[in-house]
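Peer 1: My structure is below; once you've seen it, I'll send some questions.
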Amino acid sequence: MAEAPLQIGSHRFESRLWVGTGKYENNDVARRALEASGAEVVTVAVRRVNLDRDAEDSFWNTIDLDRYTLLPNTAGCFTAEDAIRTAMLGREVGMGDLVKLEVIGDPDRTLFPDNEATLEAAKLLVAEGFTVLPYISDDLVLCKKLEDAGCAAVMPLGAPIGSGLGIRNPVNIRLIIEAMSIPVVVDAGVGTASDAALAMELGCDAVLMNTAIAGAQDAIAMAEAMKLAIKAGRLAFQAGRIQRRLYATASSPLTGLID
């Protein structure tokens, strides 16, 4: 089933699987997993990588930027001011205009976002010319406010970051999808391929994950599984599932039966 590429601001992507770069056993496993995933978008925490292009351990030496589109993120920021400053630093060192905006409100247990601070930061970054993709709770009202603020997409969490619990509230995710005229990307909580497929079956435009791949016993095999799950889930959404029914319906017609 032919489909137009996913449009995020001025960027176009064929793959709907987005991946992170942290927690891998080593750089070689990370590189091979990225290749197996078929992803085009790779997210990097601006505050947690070496930005020195001349350093041996610089992230610039580990990601092929001719092949992948960089999505810098503001992980580790707990105020709107910190997130804004971090986003601007990323752009200043050449990471581009895309930014995954994270402002964490509960750093000790859930890593849930600070929704008010996220909205505040998003408004300023949009005004500064960024293509803003905010990580937020599965809150329909907030998503509408972020769309009105000019965000290029919204990224509601499926479950707490790194939890592997899957999508805990598919009803909220579905309501957000139905209400948005911008892309919806599930971010955080995916644990295995069926979680990714469910996100796509709900109608999400893409899924971002890190721990589900990097923390798997075989990260490379899991990356390929996620690639296939994203494709299958998207195709199932486009195909249109059957209606759920309380009672059975015969697969074969009941008319014209042979006595």
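Peer 1: Suppose each label sits 7 Å from its Cα in the direction of the beta carbon; what would the ASN26-GLU178 distance come out to in nanometres?
Peer 2: Going by the 7 Å Cα→Cβ label model, 5.1 nm.
Peer 1: Related question: Using the Cβ atoms and a cut-off under 14 Å, what net charge is assigned to the surroundings of PRO160, where Lys and Arg are +1 and Asp and Glu are -1?
Peer 2: For residues surrounding PRO160, the net value is -4.
Peer 1: Let me ask something additional. Helix 115-127: angle to the longest alpha-carbon principal axis of the chain, degrees 0 to 90, nearest 10?
Peer 2: Helix 115-127 sits at roughly 70 degrees to that axis.
Peer 1: Give me the number: length gained by fully extending LEU228 to THR192, i.e. 0.36 nm times residue separation minus the C-alpha to C-alpha distance, one decimal in nm.
Peer 2: Once the chain is fully extended between LEU228 and THR192, it gains 11.8 nm.
Peer 1: Once both axes come from the Cα atoms, what is the angle between helix 170-179 and the longest principal axis of the chain, in degrees from 0 to 90, rounded to 10?
Peer 2: Roughly 80 degrees, rounded to the nearest 10.
Peer 1: So how far apart, in nm, are the two label points at ARG241 and GLU147 if each is 7 Å from Cα heading toward Cβ?
Peer 2: For the pair ARG241/GLU147, the computed spacing is 2.2 nm.
Peer 1: Taking 8 Å as the Cα distance limit and 6 or more residues as the minimum spacing, I'd like the relative contact order of the stretch 10-239 as a percentage.
Peer 2: 19
Peer 1: Which ³J(HN,Hα) values in Hz, rounded to whole numbers, follow from the phi angles of the stretch 93-102 under the Karplus curve 6.51 cos²θ - 1.76 cosθ + 1.60, where θ = phi - 60° and Gly and Pro get x?
Peer 2: Rounded to whole hertz, the list is 8, x, 7, x, 8, 5, 8, 8, 8, 10.
Peer 1: Show that you can apply the helix-only estimate: for the chain, add -39,500 (n - 2.57) for every DSSP H stretch of four or more residues, divide by all residues, and state [θ] at 222 nm to the nearest 500.
Peer 2: After summing the helix terms and dividing by the residues of the chain, the value is -10500 deg cm²/dmol.
Peer 1: May I ask for the angle, rounded to the nearest 10°, between helix 27-37 and the longest principal axis of the chain, with both axes built from Cα atoms and the value confined to 0 to 90°?
Peer 2: Once rounded, one gets 40 degrees.
Peer 1: Express the C-alpha Rg of the chain as a ratio against the empirical globular expectation 2.2 N^0.38 Å, rounded to two decimals.
Peer 2: Compared with the compact-globule rule of thumb, the chain sits at 1.07.
Laboratory data are not the source of any read-out in this text; all were calculated from the coordinates shown. In this text, all values refer to a predicted model and were calculated from it rather than measured experimentally. Cβ sites come from the backbone with ideal geometry, for glycine too, and all protein chains shown count toward neighbours.
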